[in-house]
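For reference, the structure is listed below as C-alpha cells.
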Amino acid sequence: MNYKKYAIADIHLHLDGSLSSKVIIEVAKEEGIKLPTYCLHKLNKYLRVPKNCQSLNEYLERFSLPNLVLQSKNGLRKCSLDLLERLSKQGLKYCEVRMAPQLSTAQGLTQKEVVETLVTTFAEQKFIRANLILCCMRGKDTHEANMETVELAKEFYGKGVVAVDLAGAEALFPNELFQKEFELAKKYQLPYTIHSGEASGAKSVESAIKMGALRIGHGIHSVEDKNVVKLLEKHVICLEICPKSNLDTKAIKSYSDLPFKQLKEAGVKFTINTDNMTVSNTELWKEYRTLSKLGFKENELQEFALNTIDAAFISDAEKIVLKKFII
Ligand SMILES: [Zn+2]
C-alpha cells in the first residue's frame, strides 16, 4: 500500500521537538552555545526520548536542549527553515507548526520579535505551505506571558498565525487554570486547539470543549467517557492524534490501545500527526505506516488525511487544492 501518498499534512507538530541535530549543531557553533556533544550521532541521544521514558513529564525534559538554539532571530530562522525543508522533502504539502514564543525569550528577544521572525521566515520560504500556531504554556507563572501570546496571535492572525494552543504538563496544570487565556482568545475570535486527554483523562477533554477548543491535541482518553465522545461528535471537534508520541509518553502501552475503532464508530473525526519528529524519532509517513500495519485500509488512510485537511486552519479554497493530492 502506498501509505506515503496520504502523509501530506501535519497539523500537530512542535518546532522545538522537531529540530534536526544538524541544524542544532550549526546554530550552536555560530552562536557559541554549549552542547553536550557536537557529534551528530551522539547528539541524537540527548534529543530522542529514552526507551524507558516513564511519563509525559520525562518526555518534556527532551525539549530543553533544542530550545537553546531558538533564542535568537538567526536560530529561529535557520531551525524553522530546516524543518520546513525536511517536511517538504518527506512529501508534505501543508503543515501547522506550533511553538511557544515565551520559551524563546531567555536571551532577550521579546515574544513579538519571536513571532515576527517566524512569520517572516514562513512567508519567504518556498518549501511548503506552512502556518504557525502559538502555544500558551501550562505552569505556575505563565499567565502574564500567555496573555501576551494571545495578544500576539490576534495581531498576527491571518498573517501567518492561524490559532492558539495550550501545551505543557497537562496532569500537573489542568485546563481550568488557563480559562482567562482562552476567554481572551474567544473574545478575539481566534481559533484554538488545546492539548487534552493525553496525560489526563476524559474530563480534561470535556473542559477543553467547554472552553471552546475547535480541535483537541491528542484527546485519546476521551473514549473513557461516552458523554465526552458524544460532545466531540456533536460539535465536530477533531482529535489530533500522534501515535508514536503517545507510545513514548506512556499515554498508551501499545498501538492497539489507540481508540481508533471506538472513535470511528462514534463518528468522531481524528487526524494523524507526528507531534515531535525528533524527540519521537518519527516522520508523518511512518505514522501512516503504523496505521497500515494496524490493519487500516487505503481508503481509511485517505479518510484520515482528508480529516486533517478539513480540520486545518485554512480556507476552503486551500483545502480543495490540498485534497487534490490524495483523491
Ligand atoms: Zn503536542
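Numbers for the structure displayed
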read-out: Matching residues in the range 91-111 - criterion: being crowded, with 20+ Cβ neighbours inside 10 Å, of a type in the set (G, A, S) and away from the ligand (no atom under 16 Å from the Cβ); value: S104
read-out: Hits in the range 174-201 (condition: touching a helix residue (DSSP H, G or I) at 6+ places or on another chain (Cβ under 8 Å), open to solvent by 10 Å² or more (accessible area, probe 1.4 Å) and assigned to a helix (DSSP H, G or I)); value: E176, K180, L184
read-out: Any hit, the range 184-196, residues being of a type in the set (S, T, N, Q) and at negative phi; value: yes
read-out: Members of the range 202-221 that are open to solvent by less than 50 Å² (accessible area, probe 1.4 Å) and either more than 16 Å from the ligand (Cβ to nearest atom) or on the phi > 0 side of the Ramachandran plot (or both); value: A202, E206, S207, I209, M211, G212, H218, G219
read-out: Selection count, the range 40-79, where residues are open to solvent by 10 Å² or more (accessible area, probe 1.4 Å) and modelled with pLDDT of 95 or more; value: 8
read-out: Residues of the range 1-39 that turn out to be within 16 Å of the ligand (Cβ to nearest atom), open to solvent by 10 Å² or more (accessible area, probe 1.4 Å) and acidic (D, E), as a count; value: 1
read-out: Subset tally (residues that are among the polar types (S, T, N, Q) and surrounded by fewer than 21 Cβ atoms within 10 Å (Cβ to Cβ)) for the range 269-295; value: 3
read-out: Subset of the range 236-249 that is part of a loop (DSSP other than H, G, I, E, B) and within 22 Å of A9 (Cβ to Cβ) - its residue that is farthest from the ligand (Cβ to nearest atom); value: V236
read-out: Filter result for E240 (open to solvent by 10 Å² or more (accessible area, probe 1.4 Å) and of a type in the set (D, E)); value: no
read-out: Neighbours by Cβ (under 7 Å, 6+ apart or cross-chain): first from the range 89-103, among the aromatic types (F, W, Y); second in a strand (DSSP E or B) and open to solvent by 10 Å² or more (accessible area, probe 1.4 Å); value: Y94/R129
read-out: Number of the condition not met by K253 [criteria: (1) in a loop (DSSP other than H, G, I, E, B); (2) buried (at least 22 other Cβ atoms within 10 Å of the Cβ); (3) away from the ligand (no atom under 13 Å from the Cβ)]; value: (2)
read-out: Yes/no for A199 being in contact with an Asp or Glu (Cβ under 7 Å, 6 or more places away or on another chain), within 14 Å of the ligand (Cβ to nearest atom) and of a type in the set (A, V, I, L, M, F, W, C); value: yes
read-out: Pick from the range 4-22, criterion assigned to a strand (DSSP E or B) and of a type outside the set (D, E), ranking: farthest from N67 (Cα to Cα); value: A9
read-out: Selection status of F127, closer than 21 Å to L284 by Cα and either within 16 Å of the ligand (Cβ to nearest atom) or in a loop (DSSP other than H, G, I, E, B) (or both); value: yes
read-out: Of residues in the range 310-327 being outside any helix (DSSP H, G or I) and within 20 Å of V97 (Cβ to Cβ), the one least open to solvent (accessible area, probe 1.4 Å); value: A312
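Let's see how each residue does on (1) farther than 27 Å from I241 by Cβ; (2) at pLDDT 95 or above; (3) within 16 Å of the ligand (Cβ to nearest atom); (4) not polar (S, T, N, Q):
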position	(1), (2), (3), (4)
E113	yes, yes, no, yes
F122	no, yes, no, yes
L132	no, yes, yes, yes
L184	yes, yes, no, yes
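This table checks each residue for (1) modelled with pLDDT of 95 or more; (2) touching a strand residue (DSSP E or B) at 6+ places or on another chain (Cβ under 8 Å); (3) not in a loop (DSSP other than H, G, I, E, B).
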| site | (1), (2), (3) |
| --- | --- |
| K230 | yes, no, yes |
| T271 | yes, yes, yes |
| T278 | yes, no, no |
| K286 | yes, no, yes |
| S292 | yes, no, yes |
| E300 | yes, no, yes |
| F304 | yes, yes, yes |
| T308 | yes, yes, yes |
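The values are calculated or read from the model by the stated rules, or taken from the named source; none is laboratory data. Bear in mind the structure is a predicted one, so any value in this text is a computation, not a measurement. Don't worry about glycine lacking a Cβ; one is built from the backbone with ideal geometry, like all the others, and counts go over all protein chains shown. Just so you know, the surface numbers come from the protein's heavy atoms only, side chains and all, with ligands and any DNA or RNA stripped out. Shrake-Rupley method; radii C 1.70, N 1.55, O 1.52, S 1.80 Å.
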